[in-house]
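Quick note: the coordinates plus some simple rules give every number you see, no bench work behind them. Here the structure is a predicted model, which is why all the values come from computation and not from measurement. Ideal geometry is used to build each Cβ from the backbone, glycine not excepted, and the neighbour counts take in all protein chains shown.
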Amino acid sequence: MKPIIISGKIGSGKSTVCKLFEKKSYKVINSDSIAKKLITQNPKIKKSLIENFNGLILENNTLSLNKLRSLLCSSRENKEIIDSIVHPVFYKELNGLVNNSTNHKTVIEIPLIETCSMLNMEYILVFVKTDREIREKRYLLREHSDKNIFDKLDKYQINTSHSIKISDYIINNDDNMDELVTNFNQLYKYLKNE
């Protein structure tokens, strides 16, 4: 079976959809966890990030993910620098994890739908569609962050209409959990027929 990519804009409910797949015995790979681990533990990535940002991402001589996120949100140029350092190693790692997996039912949570082209495999792309106001409310509750961070992160993600156009399946997540489970069950039925 082809791996299933779960993508969606910030606060759309990707992780919740992935948890529903876990209940169906799918192996779930969280790309954010992989990226954070690489950023904080890969010596080459750490060194390159620290050098590129003149140590501004250090806090008590340790790389600060919060400071890195602030720099990422401060300009598109910073985002491109970070992506150019992290993405090559990240996608090599992710491709290896999927290709070496013994579980043929794999789901990968990837927030940036536009980067899926860096995967060296065929996949089924599922986009979690959620209204912007709902996503913002969820993000602010979850991250205890401010609206400016949400706005900047949201702006960096590809627009919803393009995401819908390139996806194999759209799952709506504008309502409550019961409605999401109903929508998920329809998705699951569709995937079983693939």
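Observations, loosely collected:
- Magnitude of the charge dipole, the range 4-189, Cβ model with Lys/Arg +1 and Asp/Glu -1, debye to 20: 380 debye
- With Cα atoms defining each centre, the range 1-80 and the range 161-180 are spaced 23 Å apart in the structure.
- Within straight-line cross-link reach of LYS37, aspartates and glutamates at Cα separation under 20 Å, skipping those fewer than 8 residues along the same chain: GLU51, GLU59, GLU80, ASP83, GLU93, GLU109, GLU143
- Mean residue ellipticity (222 nm) of the chain, computed from DSSP H runs ≥ 4 via -39,500 (n - 2.57), nearest 500: -17500 deg cm²/dmol
- Between 0 and 90°, nearest 10: helix 132-143 axis offset from the chain longest Cα axis: 60 degrees
- Long-range Cα-Cα pairs in the chain (distance over 21 Å), rounded percent: 54 percent
- Options ASN100, ILE82, ILE50, ranked by Cα towards positive dipole end of the range 4-189, top entry (Cβ charges): ASN100
- Entry note, the chain: relative contact order of 36 percent, from Cα contacts under 8 Å with a spacing of 6+ residues.
- Cα centre as origin, Lys/Arg/Asp/Glu Cβ charges: the range 106-181 dipole, Debye: 260 debye
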